[in-house]
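S.K.: Structure in structure tokens, see below.
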Amino acid sequence: MASARTKAALWRASRSSYGTAQRLSLSTKATDAAAAALRMGFKKAEDDTKAVEDERAVLMKDIPVTEGPEETKKKLVPPAGSSSQPLWLTQDHPVTDLSGFAPKIVVVGVGGAGGNAVNNMIARGLQGVDFLVCNTDAQHLRTTLTENRVQMAPELTGGLGCGANPEVGREAAEAAIDEILERTQGANMMFVTAGMGGGTGTGAAPVIAQAALDAGILTVAVVTKPFRFEGNNRAKLAAQGLAELKDSVDTMLVIPNQNLFNMSDERTSLMDAFRMADNVLLDGVKNISDLMVMPGLINLDFADVQSVMQNMGNAMMGSGEADGENRALRAADDALANPLLGDISIKDAKGMIVNITGGSDLTLFEVDEAAERVTRELDDPHANIIFGSTFDDSLDGKVRVSVVATGIADPEKL
């Protein structure tokens, strides 16, 4: 037996439907259905009331109203029980669902270093991107924080990794490439991250990147070079992998692990040092995704990003944050002086994305000041410079400047 609360709710729904049917001159059938629900003591009240509401919604769609500037305007009534407000629309301008039009950005971590970079991004709460981790090492793959992962060619490696053999990594990626492309289907932009010098990252990253590039995906690689103490053989393998990878992507950023010493001291843990390198990728992806999805005064679309990063070769990414006096200028200076990237110069860059982010106190003067400081570094007057300015309430009192420079000259030592 229905509870008193349920009966009361059905009573109100029936009374509301009955009154609405009268006001809108609904069909006799609908009106009788509501009245019958009252006379029968709520017998089948729920089913009858639903029938009234369904007919009401259909009729309301076809009734012209004059509450808007044009008689062609119609009222789109939300489903019964919905808390949504009615929407007004015209025949010329229907309501369109725009949620499917956001660009899809995928970060693919390849090998152990790539998986660690993805874990860092997930742990830091990066939103607006999808993640995929690909590895030949089953044990390491289980430590990843995303369920979207591919164990490449377990029949080839036994799930034990590549044994620092890039050729095995290549074969594993070729065997798994159909599954990898299926997992990244619909992507507009892909970041491939890996450590160069080992087996899986060095051998598999170029295969995955080339497949994405062939599929028409804007493909960016963010990879690391080994420490000097890791030896000449690993450095040689890394150089070979980097040369191959460069031909398989639109844009590539190389982070020499040796430069971690520029940001460390005797007390810096190994984990913290590697996290600094991972944060370069995090900042770069966040910079680009925020410009396309975050609210702001100056937003970019995917075509803007594509124009700066497609077929552009070497890249540099930097981010700076400051508060207090001259905060915009100091943030811009920090973004341009990324110690992890060494002596790479952006003076000859052919493209640049600049994102200036702040809270509600960010001023127009500060945006202009930071933008002017960054562009002053470029020698090419025809460089394609794309600006964006977004809001982040958590930065109230601070300014963050992020820079992605592309088409820069090859470093003296790759």
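The values are calculated or read from the model by the stated rules, or taken from the named source; none is laboratory data. In this text the structure is predicted, and so the values were computed from the model without any measurement. Cβ atoms come from the backbone with ideal geometry, glycine included; neighbour counts cover every protein chain shown.
S.K.: Does segment 385-407 contain at least one residue that is closer than 29 Å to residue 244 by Cα, surrounded by 15 or more Cβ atoms within 10 Å (Cβ to Cβ) and more than 24 Å from the chain's Cα centre (by Cα)?
M.R.: The answer is no, given that none of the residues of segment 385-407 is closer than 29 Å to residue 244 by Cα, surrounded by 15 or more Cβ atoms within 10 Å (Cβ to Cβ) and more than 24 Å from the chain's Cα centre (by Cα).
S.K.: Another one. Would you check which residues across segment 157-179 are surrounded by fewer than 22 Cβ atoms within 10 Å (Cβ to Cβ), assigned to a helix (DSSP H, G or I) and of a type in the set (A, V, I, L, M) and list them?
M.R.: Selection gives 168, 175, 177.
S.K.: A follow-up question, please. Within segment 334-343, is even one residue within 15 Å of residue 401 (Cβ to Cβ), modelled with pLDDT under 90 and exposed (fewer than 15 other Cβ atoms within 10 Å of the Cβ)?
M.R.: yes
S.K.: Check segment 381-388 and report whether any residue there is closer than 16 Å to residue 313 by Cα and among the polar types (S, T, N, Q).
M.R.: Yes, some residue in segment 381-388 is closer than 16 Å to residue 313 by Cα and among the polar types (S, T, N, Q).
S.K.: Another one. Take segment 180-217 and flag every residue that is crowded, with 20+ Cβ neighbours inside 10 Å, aliphatic (A, V, I, L, M) and either under 17 Å from residue 131 (Cβ atoms) or free of Cβ contacts under 8 Å to residues at least 12 places away in the same chain (or both).
M.R.: Scanning segment 180-217 gives 180, 187, 189, 190, 192, 194, 204, 205, 208, 209, 212, 217.
S.K.: Identify, please: which residue in segment 281-291 is among the aliphatic types (A, V, I, L, M) and out of contact with any Leu (no Cβ under 6 Å at 6 or more places or on another chain) and is, among those, modelled with the lowest pLDDT? Steps first, please.
M.R.: If we filter segment 281-291 for residues that are among the aliphatic types (A, V, I, L, M), which is where we start, we get 281-282, 285, 288, 291.
Adding the requirement that they be out of contact with any Leu (no Cβ under 6 Å at 6 or more places or on another chain) leaves 281-282, 285, 288.
Numbers: 281: 79, 282: 86, 285: 84, 288: 82.
Step by step, filter segment 281-291, then rank; the result is 281.
S.K.: While we're on this one: What are the residues in segment 378-411 that are in a strand (DSSP E or B), modelled with pLDDT of 90 or more and small (Gly, Ala, Ser), if any?
M.R.: 402, 405, 407
S.K.: Could I ask something else about it? Where the second residue is small (Gly, Ala, Ser) and part of a loop (DSSP other than H, G, I, E, B) and the first is closer than 19 Å to residue 223 by Cβ and not assigned by TED's automatic domain parsing to the domain that holds residue 114 and lies in segment 255-273, which pairs have Cβ atoms under 6 Å and are six or more apart or on separate chains?
M.R.: Taking only residues 6 or more apart or on different chains, the pairs are 259/342; 273/264.
S.K.: Take segment 275-305 and flag every residue that is under 16 Å from residue 403 (Cα atoms) and assigned to a strand (DSSP E or B).
M.R.: 298
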